[in-house]
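Take a look at the structure set out below.
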């Protein structure tokens, strides 16, 4: 039975009458209230996590300089950024390492940008007619650049395994240092606060959901990479493995370094702690029954990093993990969290107060993420045998020049440069050609942006000085 809608809850938020609880608070309330009673009285439950999320990064637009440059190699504080976007755009990934500091990387640059610190930008270019500058070295910060948009391809795992090590050698991993012989167990989740644990079938969380990301209001933009919803679940609907993930985005300029922090894991590399919160509207009794999940009801797989294939060797509850020890093979193993339950609880509280103060309203997903069917993105890379690919069909315009007409986008650049009127548009705007007119001047080779023209028998290099007009 549906009790409320998104619109009704938003009206209550705007009027100041909404009842908002954190996920921890609603779990405590469930000790004395049924799911049906909670569905009728509670409007929103806030969830959160603060964990290292390697698959994170920021799109940057630096703005043009004078004379302009098309940046081909970009470094920020000696950390390489991907520049294959446009002239002054780049993407810096959280795990990219510095060229001269092994414990510094993209995550640190991102945190310092958020904090308003100056970042050294160095860029080189081969130079072009429209972008003649070849080098630039400047200090930038979040106020001086045009845009800084955080886009994280994979955040907020629905469930994440505990890591142990049964081998006799210490392992340095993204789950921290794993001592030999099952001497410790590290985990990384916020348990009953975790966003996708509280909406296990993704009934309210989807593309377009407004979220708290690093202190700013952001959105879920797609399902995250390695999204997989087809895992087996327990009776409370919780997947028994990693399962769903989220791709998320927000304006870095509105973020706070309090909720985005760089990290370094010894002998593994750099990662980024991301503070993320999601409000869950309590639309009906089914959703209410899901948000009252407790740590005792959350199963977490235990993965052995001491074995080559990292098999799951047991399941424990999140309550056992937070108690400080788990028992495997009769051995009591101390547990440690690499995420922060405290800061996750703080974020859930901040989000709660933003909603109560009418600073944060809920957005209905424009499209739900696939909740039931399996989207298994966890297939391993398989080395493919050598294959023979079909050759593109090419048309011989001249004995020395071929044209791959099947890939032509009919832009018409070749029409203006061809002195022999080989090319023209028909009445439908489709490029046509007359092979009998081609004199093999090679001007079409110069001008075609898709490189669809190819010299067959002669060396094209000697024709490069032929002018493009007249």
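Select from the range 219-238 the residues that are in contact (Cβ under 8 Å) with a residue 12 or more places away in the chain and touching a helix residue (DSSP H, G or I) at 6+ places or on another chain (Cβ under 9 Å) and list them in ascending order. Step through it out loud before you land on a result.
Quick first cut of the range 219-238, residues in contact (Cβ under 8 Å) with a residue 12 or more places away in the chain only: 219-231, 233-234, 236-238.
Correct list: 234, 236, 237, 238.
Which one is modelled with the highest pLDDT, of the residues in the range 319-330 that are under 12 Å from residue 182 (Cα atoms) and exposed (fewer than 12 other Cβ atoms within 10 Å of the Cβ)?
Residue satisfying both the conditions and the ranking: 327.
Would you check if residue 47 is under 18 Å from residue 284 (Cα atoms) and either in the same structural domain as residue 127 (by TED's automatic domain parsing) or at pLDDT 95 or above (or both)? I'd like the intermediate steps shown before the answer.
Values: under 18 Å from residue 284 (Cα atoms): yes; either in the same structural domain as residue 127 (by TED's automatic domain parsing) or at pLDDT 95 or above (or both): yes.
Yes: the conditions hold for residue 47.
Which one is modelled with the lowest pLDDT among residues in the range 355-374 that are in a loop (DSSP other than H, G, I, E, B) and in contact with a strand residue (DSSP E or B) (Cβ under 8 Å, 6 or more places away or on another chain)? Quick ask: steps written out before the conclusion?
As a first pass, look at the range 355-374 and keep what is in a loop (DSSP other than H, G, I, E, B): 357-366, 369-374.
Imposing the further condition that a residue be in contact with a strand residue (DSSP E or B) (Cβ under 8 Å, 6 or more places away or on another chain) reduces the set to 360-363, 365-366, 369-370.
Details: 360: 98, 361: 98, 362: 98, 363: 98, 365: 97, 366: 97, 369: 90, 370: 79.
Taking the candidates together, the pick is 370.
Condition test on residue 142, is it surrounded by fewer than 24 Cβ atoms within 10 Å (Cβ to Cβ), at pLDDT 95 or above and out of contact with any helix residue (DSSP H, G or I) (no Cβ under 7 Å at 6 or more places or on another chain)?
Numbers: surrounded by fewer than 24 Cβ atoms within 10 Å (Cβ to Cβ): yes; at pLDDT 95 or above: yes; out of contact with any helix residue (DSSP H, G or I) (no Cβ under 7 Å at 6 or more places or on another chain): no.
Answer is no for this residue.
Might you check whether a residue that is farther than 18 Å from residue 45 by Cα, modelled with pLDDT of 95 or more, touching a helix residue (DSSP H, G or I) at 6+ places or on another chain (Cβ under 6 Å) and surrounded by 23 or more Cβ atoms within 10 Å (Cβ to Cβ) occurs anywhere in the range 198-216?
No, the range 198-216 contains no residue that is farther than 18 Å from residue 45 by Cα, modelled with pLDDT of 95 or more, touching a helix residue (DSSP H, G or I) at 6+ places or on another chain (Cβ under 6 Å) and surrounded by 23 or more Cβ atoms within 10 Å (Cβ to Cβ).
Within the range 297-309, can you find the residues that are loosely packed, with under 14 Cβ neighbours inside 10 Å and either at pLDDT 95 or above or in a strand (DSSP E or B) (or both)?
307
Filter the range 450-470 down to the residues that are in a loop (DSSP other than H, G, I, E, B) and at pLDDT 90 or above, then identify the one that is farthest from residue 405 (Cα to Cα). Don't jump to the end; show me each part of the working.
Initial filter on the range 450-470 (in a loop (DSSP other than H, G, I, E, B)): 450-452, 456-459, 464-470.
Next, from what is left, pick out any that are at pLDDT 90 or above: 451-452.
On the way: 451: 11, 452: 7 Å.
Filtering the range 450-470 for residues that are in a loop (DSSP other than H, G, I, E, B) and at pLDDT 90 or above, the one farthest from residue 405 (Cα to Cα) comes out as 451.
What about residue 314, is it within 27 Å of residue 202 (Cα to Cα) and either touching a strand residue (DSSP E or B) at 6+ places or on another chain (Cβ under 6 Å) or not in a helix (DSSP H, G or I) (or both)? Step through it out loud before you land on a result.
Working: within 27 Å of residue 202 (Cα to Cα): yes; either touching a strand residue (DSSP E or B) at 6+ places or on another chain (Cβ under 6 Å) or not in a helix (DSSP H, G or I) (or both): yes.
Here the answer is yes, as residue 314 does meet what is asked.
For the range 243-280, what are the residues that are in contact with a strand residue (DSSP E or B) (Cβ under 9 Å, 6 or more places away or on another chain), assigned to a loop (DSSP other than H, G, I, E, B) and either surrounded by fewer than 20 Cβ atoms within 10 Å (Cβ to Cβ) or not assigned by TED's automatic domain parsing to the domain that holds residue 359 (or both)? Give the steps one after another, and end with the answer.
Kept after step one, since they are in contact with a strand residue (DSSP E or B) (Cβ under 9 Å, 6 or more places away or on another chain), are these residues of the range 243-280: 243-256, 258-280.
Next, only the ones that are assigned to a loop (DSSP other than H, G, I, E, B) stay: 243-245, 255-256, 258-259, 266-268.
Matches in the range 243-280: 256, 258, 266, 267, 268.
Where in the range 66-184 are there strands (runs of 3 or more DSSP E), lying wholly inside it, with at least 1 residues that are assigned by TED's automatic domain parsing to the domain that holds residue 229?
147-155, 162-164, 171-173, 176-178
For residues in the range 277-319 being free of Cβ contacts under 8 Å to residues at least 24 places away in the same chain and within 25 Å of residue 349 (Cα to Cα), which is farthest from the chain's Cα centre (by Cα)?
For the range 277-319, the residue satisfying everything is 296.
Those residues that are at pLDDT 90 or above and either surrounded by fewer than 22 Cβ atoms within 10 Å (Cβ to Cβ) or not in a loop (DSSP other than H, G, I, E, B) (or both), I need them from the range 228-242; list them, please. Walk me through how you get there before you give the answer.
Going residue by residue through the range 228-242, those that are at pLDDT 90 or above are 233-240.
Hits for the range 228-242 are 233, 234, 235, 236, 237, 239, 240.
Check the range 382-396 and report whether any residue there is surrounded by 11 or more Cβ atoms within 10 Å (Cβ to Cβ), in contact with a strand residue (DSSP E or B) (Cβ under 8 Å, 6 or more places away or on another chain) and either outside any loop (DSSP other than H, G, I, E, B) or modelled with pLDDT of 85 or more (or both).
Within the range 382-396, the first condition is being surrounded by 11 or more Cβ atoms within 10 Å (Cβ to Cβ), and the residues that meet it are 392, 394-396.
The next check asks that each one be in contact with a strand residue (DSSP E or B) (Cβ under 8 Å, 6 or more places away or on another chain); those that pass are 394-396.
Retained after the next criterion (residues that are either outside any loop (DSSP other than H, G, I, E, B) or modelled with pLDDT of 85 or more (or both)): 395-396.
Yes; the residues of the range 382-396 include at least one that is surrounded by 11 or more Cβ atoms within 10 Å (Cβ to Cβ), in contact with a strand residue (DSSP E or B) (Cβ under 8 Å, 6 or more places away or on another chain) and either outside any loop (DSSP other than H, G, I, E, B) or modelled with pLDDT of 85 or more (or both).
Looking for whichever is closer than 21 Å to residue 350 by Cα, out of contact with any strand residue (DSSP E or B) (no Cβ under 8 Å at 6 or more places or on another chain), touching a residue at least 12 places away in the same chain (Cβ under 8 Å) and assigned to a helix (DSSP H, G or I) here; the options are 12, 40. Which one fits? First the steps, then the outcome.
Numbers: 40 fails: closer than 21 Å to residue 350 by Cα.
Exactly one of 12, 40 is closer than 21 Å to residue 350 by Cα, out of contact with any strand residue (DSSP E or B) (no Cβ under 8 Å at 6 or more places or on another chain), touching a residue at least 12 places away in the same chain (Cβ under 8 Å) and assigned to a helix (DSSP H, G or I), namely 12.
Tally the residues that are in contact (Cβ under 8 Å) with a residue 40 or more places away in the chain, part of a helix (DSSP H, G or I) and out of contact with any strand residue (DSSP E or B) (no Cβ under 7 Å at 6 or more places or on another chain), restricting the search to the range 320-341. Walk me through how you get there before you give the answer.
Here is the first cut: in the range 320-341, the residues in contact (Cβ under 8 Å) with a residue 40 or more places away in the chain are 321-322, 326, 328-329, 331, 333-341.
Those still in the list that are part of a helix (DSSP H, G or I) too: 321-322, 341.
Next, only the ones that are out of contact with any strand residue (DSSP E or B) (no Cβ under 7 Å at 6 or more places or on another chain) stay: 322, 341.
Residues meeting the conditions: 2.
The values are calculated or read from the model by the stated rules, or taken from the named source; none is laboratory data. Source: prediction; values computed, not measured. All Cβ positions, glycine included, derive from the backbone under ideal geometry; neighbour counts span all protein chains shown.
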